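Have a look at the structure below, then the notes.
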Amino acid sequence: MTDVKLFRNVAILGHGNCGKTTLAEAMLFSTGKTNRLGKVDDGSSTMDFEPEEIKKQVSISAAFNHYTWKKHEIFLADTPGDDNFLNEAKFVAHISDSVLFCIGAATSVKNQTTKYTDFIEERKIPTIICITRMDRERANFANVIQGIKDNLPLKPAITFVPIGSETNFRGVVNVINQKAYVFDDKGKAKESEIPEDMKDEIAAFRESLMEQVAETEDELIEKFLEEGELTDEDLVNGLKAGVLSGEICPVSVTAAYNNQGVDLLLDMINDLLPAPDDCPLRAGTDPKSKDVVERVPKPDAPFSAQVFKTMADPFAGRLTLFRVFSGTLSGDSFYNSTRDVNERFGQIFILEGKNQKPVDSVGPGAIAAVAKLKETVTGDTLCDENSPIIYEPLRPITPVIAYAVTARKGDEEKLFSSITKMLDEDLTLRLTRESQTKEILISGVGQVHLEVLGEKIKRKYGVEMELHTPKVPYKETLKGRARVQGKHKKQSGGRGQFADTWIEIEPLPRGGGYEFVDKIVGGVIPKTYIPAVDKGIQEAMEKGVIAGYPMVDVKVQLVDGSFHAVDSSELAFKIACSLAFKKAAAEANPVLLEPIMNITIRVPEDCVGDVMGDLNSRRGRVMGMDSEPRNEVINAQVPMAEIQKYAADLTSFTGGRGAFEVSFSHYEEVPGQLAEKIIEAAKSEE
Ligand SMILES: Nc1nc2c(ncn2[C@@H]2O[C@H](COP(=O)(O)OP(=O)(O)OP(=O)(O)O)[C@@H](O)[C@H]2O)c(=O)[nH]1
Ligand SMILES: [Mg+2]
């Protein structure tokens, strides 16, 4: 079995389209894992293998593989960089020991980049920065480094400097050993001389690297001050320590499309990123004693792992992906401590893109999978039943966009059972039923997220999902009072019908619902009919008098009436008071109410003005502001009707730097002019 010191668990993160998947392909190719360099553009990538990824040429799901390089075994995860699939990157970051953070040499730091560095910051994950696509037009190394320093919480340490750029990118200089490497036609690095015109620059980079590394350790700073110099060994050891503590991120440079710089990066991963047992121990809780417990990431420790992804497959069943934190898993069952059940499985797999390779056992650092578990879901902890532990649960990104979902006629059952299966796979999806509008709502992270869901469902289960803007659940209420009579009388041969009621209605405070008071004295309406009166009013309230929306916040008092010994009945009283209620409601100044949402918006400071202006145009009310290290937090209340497309709008006017959350707050009266439009629309619909 491989020594745990030789394992690495690495996640590739970075903003969309910066070349993450291409880099992963080049790493797999360079290590001999694949025999051709997979390309995203022609659908030959082993990591972007899902049909939707091939069609769109973007990563949608995190993908996994593993390779061996110079005796080290690396578990590699490639993640999507599109905001719609941010949660994939979040969950992978949560279970990874280290990160390869990609930034495009031409695009530099983008607005979205900080969303990914937030995941790194949360746990100070050891990170190597990789400047990608160095061969592209407008690639500019110095510019990217400045962009990182100015905008990201990562502290870059320049360990590699490109020789040439754009189409002239032809090699790199290693700042530590002061050697130049020029790429051959296969992209492999061949040792060479530092170009004359770069010598001063490289010397200066080495000087600042020494200072930077020295600052991380007292011993090193003493040595540096005394001797004015650090050895290559000091630099590597110091860097390793700085990477582990999250204080330093060494920089590598690649053009993975041409396989350039990739072998040097592979060495760097072996040399500078931590083994599972170098990393700080992950705490969990003992499910019985609730004590904080830890597991040592050694193969002979008790087994523990966390499920971070579930994949729904219509044929193979569910595939559960987990990261092993401690111990060794073999055999055919494990204990799920989160659900307190034992689960059996057939075979342990290691993932190789879309393929699964059967293995007998997996140890610390591994990303592995088993199929067809019954109860286990994403986030659960799996462990040795005799040494139970529950790791911190995964917190999915909250959905911010909702659509009403419908199926084609006759497909309803099939569609909703398919969506339910996809809910297991994707914790950022939510399916709810709006009780008033009776619509089924599907919520997700963004428009594209839900569109891709539709495509996947169609491919996997052969059923179409139709999305519509949801109806706003308006309500109606009263602002005035009224006292009216409702009388129902029918005499058409045989037994007649008779009921006579007098009611008084008045508004209740917002949220007051419905209140019924029986004020009948002297038995003018017999007690047995009172429940029918109450029920009749409630039924009448289901459809309000102005636009047919439910009525709320009304107090109704039954004050007087009369009955007939033979002709009165429960039904007659229901009809009478229903008539009374409609008449009273129409007289008591009825108004339309709309749902008001709480919204919390996070944006960089320079976007605050735009957000405020926009909120104003949406009839929003700012309730307060807060500051976070990189963002301003705006708390506001906005009518639901105004923010149904907010996700796309916020993205467009903040350049993708904004995020928001919404929740229901309360109902409020709709302003007059708008109310007229809504009433008109409701009437024409009817
Ligand atoms: N010239 C050049 N193009 C590259 C390089 N790396 C990637 N590309 C191209 O850039 C585009 C995006 O590459 P991907 O590898 O899909 O980028 P990604 O970061 O995985 O994108 P997402 O997963 O969608 O976030 C593709 O057209 C690649 O062919 C490179 O080193 N040089
Ligand atoms: Mg990708």
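The values are calculated or read from the model by the stated rules, or taken from the named source; none is laboratory data. Please read all numbers here as calculations on a predicted model, not as lab measurements. Neighbour counts run over all protein chains shown; Cβ positions are idealised from the backbone, glycine included. The accessibility values were calculated without ligands, DNA or RNA, using every heavy atom of the protein model including side chains. Shrake-Rupley method; radii C 1.70, N 1.55, O 1.52, S 1.80 Å.
Computed with every protein chain present, the accessible area of Arg295 is close to 40 Å² [probe 1.4 Å]. For Asn177 and Arg138, a Förster radius of 45 Å and the Cβ-Cβ distance give a FRET efficiency of 0.90, rounded to the nearest 0.05.
Which of the peptides 450-463, 262-275 is most tightly packed, and how do the rest follow, going by the mean number of other Cβ atoms within 10 Å of each residue? Show your work: numbers first, answer last.
Details: 450-463: 18.1, 262-275: 20.4.
Sorting 450-463, 262-275 by mean packing, highest first, produces 262-275, 450-463.
For the stretch 283-391, lysine pairs separated by 8 or more sequence positions, or belonging to different chains, with Cα-Cα distances below 28 Å total 18. Counting 0.36 nm for each residue step from Lys71 to Lys519 and taking away their Cα separation leaves a gain of 152.5 nm. Ligands, DNA and RNA excluded, the heavy atoms of Ser245 present near 50 Å² of accessible surface to a 1.4 Å solvent probe.
Under the rule a/c < 1.5 gives rounded, and otherwise a/b versus b/c splits prolate from oblate, where does the stretch 205-350 land using the Cα gyration tensor? Let's see the in-between values first.
Numbers: a/c = 3.57, a/b = 1.81, b/c = 1.98.
Cα axes put the stretch 205-350 in the oblate bin.
Under the combined filter of DSSP loop state and at most 15 neighbouring Cβ atoms within 10 Å, the stretch 219-293 retains these GluC sites (Glu not before Pro): Glu229. Within the accessible area of the chain, the carbon and sulfur atoms contribute 49%, probe 1.4 Å, all protein chains present. Compactness check for the stretch 310-415: Cα Rg over 2.2 N^0.38 Å is 1.29.
DSSP beta bridges fully contained in the stretch 476-588 are about 75 percent antiparallel.
Within a straight-line Cα-Cα reach of under 27 Å, Lys155 can be paired with the following lysines, leaving aside sequence neighbours fewer than 8 residues apart in one chain: Lys5, Lys20, Lys90, Lys110, Lys115, Lys124, Lys179, Lys199, Lys223, Lys240. Solvent exposure of the chain, expressed per residue, is 44 Å² of accessible area, with all protein chains present and a 1.4 angstrom probe. Sorting Phe563, Phe49, Phe573 on solvent-accessible area from highest to lowest, probe radius 1.4 Å, gives Phe563, Phe49, Phe573.
Rounded to the nearest 10 degrees, the angle from helix 232-244 to the longest Cα principal axis of the chain is 10 degrees.
Take 97-104, 438-445, 579-586 and order them by the average number of nearby Cβ atoms within 10 Å per residue, most first; the result is 97-104, 579-586, 438-445.
Normalised by residue count, the stretch 4-278 yields a Cα convex hull volume of 121 Å³ per residue.
Working from the Cα coordinates of the chain, the gyration tensor eigenvalues give, after taking √(5λ), semi-axes of 63, 28, 23 Å in decreasing order. Restriction of the trypsin sites (Lys or Arg not before Pro) in the stretch 165-203 to DSSP coil positions whose beta-carbon has at most 16 other beta-carbons within 10 angstrom yields Lys186, Lys188.
For the stretch 375-401 versus the stretch 173-204, the spacing of their alpha-carbon centroids is 46 Å.
Against the main long axis of the alpha-carbon atoms of the chain, helix 141-151 sits at an angle near 40°. Each DSSP beta bridge with both residues in the chain is either parallel or antiparallel, and the antiparallel ones are about 80%. I'd like the accessible area for Asp278, computed on protein heavy atoms only with a 1.4 Å probe and all protein chains in place. Round to 10 Å², please. Accessible surface of Asp278 is approximately 50 Å².
Computing FRET efficiency as 1/(1 + (r/R0)^6) for Glu685 and His564, where r is the C-beta to C-beta distance and R0 is 30 Å, gives about 0.15. Sorted on the mean count of surrounding Cβ atoms within 10 Å across their residues, most packed first, peptides 487-493, 84-90 read 84-90, 487-493.
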